[in-house]
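To start, the structure under review is shown below, and the notes come after it.
Here, each number is a calculation from the coordinates, and none is a lab measurement. From a predicted model like this one, the values you see are computed outputs, not experimental measurements. No Cβ is skipped: glycine too gets one built from the backbone with ideal geometry, and neighbour counts run over all protein chains shown.
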Amino acid sequence: MPNHTPHRALQRSAHHATQRTSSDTAFATRVARAGLDCRGPAQQAAGVALLVVAALVATTAYAAGDEPTTTPYRPSVSTPAALSAPGWLEIEAGFEHDHAGAARRDSVPATFKLAFSPDWGVRVGGEAWVRQRDEAGRSSGVGDTSVVLKRRFAIDDKQAFGLEGGVTFATARQGLGNGSGKTDVGLNAIYSADFGDAWHTDLNLATTRLGQADAGASRSQWLWAASLSRALDERWGVVGEFAGTNQRGAGGTSQFLVAASCNVSKRLTLDAGAARSLRSGPATWSAFTGFTWLAAPLF
């Protein structure tokens, strides 16, 4: 299937079914997949800028016909079974705004992906910056950091299974992270398939062992996600997705997401979309935009 919407035939990942135990502000945590480290925002910004410059210099020698294409995991919750181009550093980043009632949360997710082969890869992700506002006041800083190892199991040209194992480290200040506030460990099972001329689906079922949980709640959390995407032409694609979480003693969440993507070139894909919670009570809304960039060959 052509490189279309937030995914081709496969991760993203799937991730980490992490939980924001501090508040109900959003399932929009969208399972934190992206990230840097626990350094300050200024240092992180400088590091990213240097990486971008180095990547641009390193790729000038490649002719367009020799380049592989991006493999976006953004912006949906589900991750495809496919990995990014082996040996290439692929970067995903964007901006997300969530709001639920009086609560607001803005974040800059970023993920660095590297595949060692068509079947093995790793990614490091988190939130380079977070700003949160609610009745208790406002705070900002970096988010949690996740490290995920991925294995793909091909079935045929159109289908594949995937398995991801990951660890989320509590690098964010209290209340800013997407995880439990302690180290979380997760496992994600993936099924991806192409069908028809332009359709693609990703099904994810993930479980996370939380480092800590609220009183009376289980430390095991489940996440499910099912996306259906379609390539409209060689450049444009759309995706729709239902996803949710369940945790004994803490209830469940669910949301619907819709997004569009545009392949600017083989090495750059842009995306934008929105999501809304489906549970009863005040709705949580999310709006997001970002990019997937095949930055540079490392080996």
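Key figures for this structure:
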| quantity | calculated |
| --- | --- |
| Candidate lysines for bridging to LYS266, where Cα separation is under 20 Å - those fewer than 8 sequence places away on the same chain excluded | LYS113 |
| Whole-Å semi-axes of the range 143-299's equivalent ellipsoid (Cα gyration tensor) | 29, 19, 18 |
| For LEU278, residues with placed amide H under 5 Å, excluding near neighbours | SER254, GLN255, PHE256 |
| For THR207, THR253, order by how many other beta-carbon atoms lie within 10 Å, fewest first | THR207, THR253 |
| LEU278 paired with LEU149, simple spin-label distance in nm, labels 7 Å along Cα-to-beta-carbon | 3.5 nm |
| Linear extension gain, ASP214 paired with SER139, 0.36 nm per residue minus alpha-carbon span | 24.8 nm |
| Extension reserve of the GLU234-HIS97 stretch, reckoned as 0.36 nm per residue once the Cα distance is removed | 46.4 nm |
| Computed label-point distance, nm, for sites ALA198 and THR289 using a 7 Å Cα→Cβ extension | 2.4 nm |
| The range 81-137 and the range 205-267: distance between their alpha carbon centers, rounded to Å | 13 Å |
| SER265-VAL185 pseudo-label distance in nm [points 7 Å out on the Cα-to-Cβ vector] | 4.3 nm |
| Residues PHE242, PHE195, sorted so that the one with the fewest Cβ neighbours within 10 Å comes first | PHE195, PHE242 |
